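*Asks:* Sharing a structure below in structure tokens format, with a few things to ask.
Computed from the coordinates by the stated procedures, all read-outs in this text should not be read as laboratory data. Please read all numbers here as calculations on a predicted model, not as lab measurements. Every residue, glycine among them, receives a Cβ derived from its backbone with ideal geometry; neighbour counts consider all protein chains shown.
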């Protein structure tokens, strides 16, 4: 029995593709130090989708940019932490090594396809340029062309050979987002970061794109980090999710745990903000107040000024993280006598 448990634990360790440990990215501005990412830790396993959810300004996109070492300079600096991709710390790579890893081992789909594609070059040139940047040895242009066409075909672009000659302005928003996805998947990365990729799409195209991502993941085994503020997308896309607030993770668990047993008051408030089609109400629920400015954070729990359960302790001292037997993590003093605290 003990050997079986140890073997299962070893298998779980091998299964971890990305391990982020105590990541801190600060922006140094004239208003002070903005703690955009302040001690974020999570793991992504092979072939799974991890959701990062929260309001605008909570640190989701800055976390993604930090993973790629693309946080805006000179203001932003990753001051501590580790980003272990297949055991290699990306923060310790040289700029040349990181350029090789970016797009090849870890890639990203940005929110707006309109700004992700160069309007002066056709789709084929932009896809081939990506392949050239990561090729280890010379390949004929015909080979690169065929690989680019295959990438478009993988994301279900109709008539991919013809689309290779098209310019971004000749395509719809949904088609452009597929091309951006094809670019991100060209080199078969281990981890794909999707930063609210459906924001610029209408509801029908959004559903098609989400199904496409799931299909591509099943075919390639890529691990996905899906960043969103939409709890419905989390339910549809993700296996696990972390809830971020003011630069920190306040809750983490499986999607089933977060929806069936939301524990942190912020997670509860986010779910309460989603309208229920089977309930008729006079006024939709909203979270009162605004997230704090990240350069002027409160002393204790950062959600305390908006929390209906907050007391003097919450306002004075930041709570530790408490973990259930199933691995459901919550950073809230209300769990002190329920689950054991973890470091």
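*Asks:* Which one, 82, 95, 161, has the greatest fluctuation when you compute a Gaussian network model over the chain with C-alpha springs under 10 angstrom?
*Replies:* Most flexible of the set in this elastic network: 95.
*Asks:* With label points built 7 Å along Cα→Cβ from the Cα atoms of residue 318 and residue 259, find their separation and express it in nm.
*Replies:* With each label point 7 Å from Cα toward Cβ, the separation is 3.1 nm.
*Asks:* Where in region 316-336 is the amide nitrogen less than 13 Å from a point lying 7 Å along the Cα-to-Cβ axis of residue 299?
*Replies:* Zone members listed by number: 316-318.
*Asks:* Further, regarding this structure: Please check: in the Gaussian network model of the chain (C-alpha springs, under 10 Å), which one of 319, 140, 160 has the largest mean-square fluctuation.
*Replies:* Result for the chain, Cα springs under 10 Å: 140 fluctuates most.
*Asks:* Name the shape class, rounded, prolate or oblate, that the alpha-carbon gyration tensor gives for region 234-299, where a ≥ b ≥ c are the square roots of its eigenvalues, rounded holds for a/c under 1.5, and otherwise prolate holds if a/b is larger than b/c and oblate otherwise.
*Replies:* Oblate is the answer for region 234-299, as a/c is 1.5 or above yet b/c matches or exceeds a/b.
*Asks:* Now for a different question. Rounding to the nearest 10 and keeping the result within 0 to 90°, find how far the Cα-based axis of helix 173-185 lies from the longest principal axis of the chain.
*Replies:* 90
*Asks:* On to the next question. Considering only 283, 21, 178, give the residue with the highest GNM mean-square fluctuation for the chain, with springs between Cα atoms whenever their separation is below 10 Å.
*Replies:* 283
*Asks:* What whole-number distance in Å separates the alpha-carbon centres of region 83-102 and region 146-217?
*Replies:* 26
*Asks:* How tilted is helix 2-15 with respect to the longest principal axis of the chain? Cα atoms for both, answer in degrees (0 to 90, nearest 10).
*Replies:* Rounded to the nearest ten degrees, it is 50.
*Asks:* Given the alpha-carbon gyration tensor of region 28-138, what are the semi-axes of its equivalent ellipsoid in whole angstrom, ordered largest first, with each equal to the square root of 5 times an eigenvalue?
*Replies:* Over the Cα atoms of region 28-138, the ellipsoid semi-axes are 26, 19, 16 Å.
*Asks:* With a ≥ b ≥ c the root eigenvalues of the C-alpha gyration tensor of region 118-257, is it rounded (a/c under 1.5), prolate (a/b larger than b/c) or oblate?
*Replies:* prolate
*Asks:* May I pose another question? Compute the FRET efficiency between residue 21 and residue 274 as 1/(1 + (r/R0)^6), taking r as their Cβ-Cβ distance and R0 = 25 Å, and round to the nearest 0.05.
*Replies:* So, using R0 = 25 Å, E works out to roughly 0.20.
*Asks:* In addition: Treating the angle as unsigned and between 0 and 90°, give the value, to the nearest 10°, between the Cα long axis of helix 203-220 and the longest Cα principal axis of the chain.
*Replies:* The helix 203-220 is inclined about 80 degrees to the chain.
*Asks:* At 0.36 nm per residue, and after removing the present C-alpha to C-alpha distance, how many nm does the segment from residue 283 to residue 46 gain when stretched out fully?
*Replies:* 81.1 nm
*Asks:* Using 0.36 nm per residue, how much length does the chain from residue 121 to residue 188 gain when fully extended, once their Cα-Cα distance is taken away?
*Replies:* The residue 121-residue 188 span can extend by a further 21.8 nm.
*Asks:* Note the full-extension length gain between residue 132 and residue 218 as 0.36 nm times their separation in residues minus their Cα-Cα distance, in nm to one decimal.
*Replies:* 28.3 nm
*Asks:* Hey, another quick one. With runs of 4+ DSSP H residues as the only contributors, calculate the mean residue ellipticity of the chain at 222 nm using -39,500 (n - 2.57) per run, divided by the residue total and rounded to the nearest 500.
*Replies:* Per the formula, -10000 deg cm²/dmol.
*Asks:* Moving on. In nm, to one decimal, how far is the residue 229 label point from the residue 326 one, both placed 7 Å along Cα→Cβ?
*Replies:* 2.9
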